[in-house]
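> Supplied in structure tokens, the structure appears directly below.
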Amino acid sequence: MEKNIAVIRGDGIGPEIVEEALKVLNKIAAIYGHTFNYTDVDMGGCAIDKWGDPLPEEMLKRCLASDSVLLGAVGGNKWNDVPGDMRPEKGLLRLRAGMGVYSNNRPAKIWPQLASASPLKESVVEKGIDFIIVRELIGGIYFGEHETHEEKGVLVANDILSYNEEEIERIGRIGFETARKRNKKLCSVEKSNVLDSSRLWKKVMHRLAEEYPDVELSDMLVDNCAMQIVKDPSQFDTVVTENMFGDILSDEASMITGSIGMIPSSSLGKTTCGLYEPIHGSAPDIAGMDIANPIGTILSAAMMLRFSFDMGKEASAIETAVSRVLDKNYRTADIMPSLEEEAKNCIKVGCKKMGDLICEELN
């Protein structure tokens, strides 16, 4: 099978981690007889430096012409002082909107080999951490009107949070369908005790529930959900929520699994052309030092194979290879045990070596 992949290396550690993911994809192609064609795309700070735009129109066209997009990370302190509409992150928002990927799916699963890396109590971790957050991606406050103006000599900033019924129903169905494929439990997270947008969210979700009688729907306020994720994450299976809440909760969920560097994500819309990326940032402070964890990006590539290319066997092979490397106690810096006694049994490796080890396990 031949597939065209748009590759956004991005900023900071982005080029390093993407390189290891491509190394793994090339190994998969060789083993299973596929052809992956890569097209480089500039986005983020590197695009600002090169083109004066975080996502030039030509770069967006390259992404839209691909079968899927693999992204490392964008942003960094270097571009903190540029105008708001020119920040690296604006390129990512425009890419999501341009591709029409409205559903971001972020799994929060603890690898058994890394159970001790979780900051939660052992008694909590033992109950299990395995849920997924379905986040609405191209609506809400991030895509609403943003304005800063002066009133009576005082600066005032406004950010508009807006959702319509169709946007909520669209992501709600993804939530229900995802829950249906898992353990048929869906938790809808909002702030309906304060926000009108959340009251509409809750109303639409309950209307949809009538179409999914086999799925158990529950409601939870976002502040309570943030507490419950650290108190007892085993209670969650599938969580669906709006853009900003999902952004915050999914980062929290990633940390209870031991490291944000292990978590992949997929963003999909009406077509199989998706956007795949690790959920961590560009970490410019460690860029070029060969210490970044590439596993989140490698697992994102696996998600691309499974959800966009219908290559489930190949995706499982990558996930199994990652598990085997962890079984052999290889660790990047971020997942090294903090206790000296446990660390003695682990072998610390860099970004490139981790990619090589995963490729070796694919044999």
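The values are calculated or read from the model by the stated rules, or taken from the named source; none is laboratory data. Note that the coordinates shown come from a computational prediction; the quantities given were computed from them, not determined experimentally. Note that we place each Cβ from the backbone using ideal geometry, even for glycine, and neighbour counts take in every protein chain shown.
> So, in the range 298-317, how many residues would count as being of a type outside the set (D, E, K, R) and closer than 21 Å to Asn363 by Cβ?
Summing the residues that are of a type outside the set (D, E, K, R) and closer than 21 Å to Asn363 by Cβ in the range 298-317 gives 10.
Rundown of residues vs (1) farther than 30 Å from Asp232 by Cα; (2) free of Cβ contacts under 8 Å to residues at least 60 places away in the same chain; (3) among the aliphatic types (A, V, I, L, M), yes/no style:
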{"position": "Thr257", "(1), (2), (3)": "no, no, no"}
{"position": "Lys270", "(1), (2), (3)": "yes, no, no"}
{"position": "Glu277", "(1), (2), (3)": "no, no, no"}
{"position": "Ala283", "(1), (2), (3)": "no, no, yes"}
{"position": "Pro294", "(1), (2), (3)": "no, no, no"}
{"position": "Ser300", "(1), (2), (3)": "no, no, no"}
{"position": "Lys313", "(1), (2), (3)": "yes, no, no"}
{"position": "Ala317", "(1), (2), (3)": "yes, no, yes"}
{"position": "Asp334", "(1), (2), (3)": "no, no, no"}
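> Please go through the range 277-324 and pick out each residue that is buried (at least 24 other Cβ atoms within 10 Å of the Cβ), more than 17 Å from Met1 (Cα to Cα) and in contact with a Leu (Cβ under 6 Å, 6 or more places away or on another chain).
Passing the criteria: only Glu277.
> Among (1) under 17 Å from Ser266 (Cβ atoms); (2) crowded, with 24+ Cβ neighbours inside 10 Å; (3) modelled with pLDDT under 95, which single condition is Val24 missing?
If we test Val24 against (1) under 17 Å from Ser266 (Cβ atoms); (2) crowded, with 24+ Cβ neighbours inside 10 Å; (3) modelled with pLDDT under 95, just (3) comes out false.
> If you don't mind, there's one more thing I want to ask. With the requirement that a residue be of a type in the set (Lys, Arg) and either closer than 22 Å to Ile13 by Cβ or in contact with a strand residue (DSSP E or B) (Cβ under 8 Å, 6 or more places away or on another chain) (or both), what does the range 295-327 give you?
Within the range 295-327, none qualify.
> Got a number for residues in the range 225-266 being of a type outside the set (Phe, Trp, Tyr) and part of a helix (DSSP H, G or I)?
Residues in the range 225-266 being of a type outside the set (Phe, Trp, Tyr) and part of a helix (DSSP H, G or I): 26 in total.
> For Cys359, are the conditions met, namely being in the same structural domain as Asp11 (by TED's automatic domain parsing), touching a Lys or Arg at 6+ places or on another chain (Cβ under 9 Å) and free of Cβ contacts under 8 Å to residues at least 40 places away in the same chain?
no
> Would you point out which residue out of Leu137, Leu71, Leu60 is crowded, with 18+ Cβ neighbours inside 10 Å, at negative phi and not assigned by TED's automatic domain parsing to the domain that holds Ser282?
Leu137
> For the range 306-336, name all the residues that are more than 24 Å from the chain's Cα centre (by Cα) and either assigned to a helix (DSSP H, G or I) or within 19 Å of Thr257 (Cβ to Cβ) (or both).
Asp327, Asn329 - these are the residues of the range 306-336 that are more than 24 Å from the chain's Cα centre (by Cα) and either assigned to a helix (DSSP H, G or I) or within 19 Å of Thr257 (Cβ to Cβ) (or both).
> Within the range 29-62, count every residue that is assigned to a helix (DSSP H, G or I) and either closer than 27 Å to Ile286 by Cβ or touching a Ser or Thr at 6+ places or on another chain (Cβ under 7 Å) (or both).
10
> Related question: Give just the number: which of (1) at pLDDT 95 or above; (2) over 26 Å from Ile256 (Cα atoms); (3) surrounded by 11 or more Cβ atoms within 10 Å (Cβ to Cβ) does Gly144 not satisfy?
All conditions pass for Gly144, except number (1).
> Can you name the residue in the range 91-111 that is assigned to a helix (DSSP H, G or I) and of a type in the set (D, E, K, R) and, of all such residues, is surrounded by the fewest Cβ atoms within 10 Å (Cβ to Cβ)?
Checking each candidate, the answer is Arg94.
> Now a separate question. Determine, yes or no, whether Leu186 is part of a strand (DSSP E or B) and crowded, with 16+ Cβ neighbours inside 10 Å.
yes
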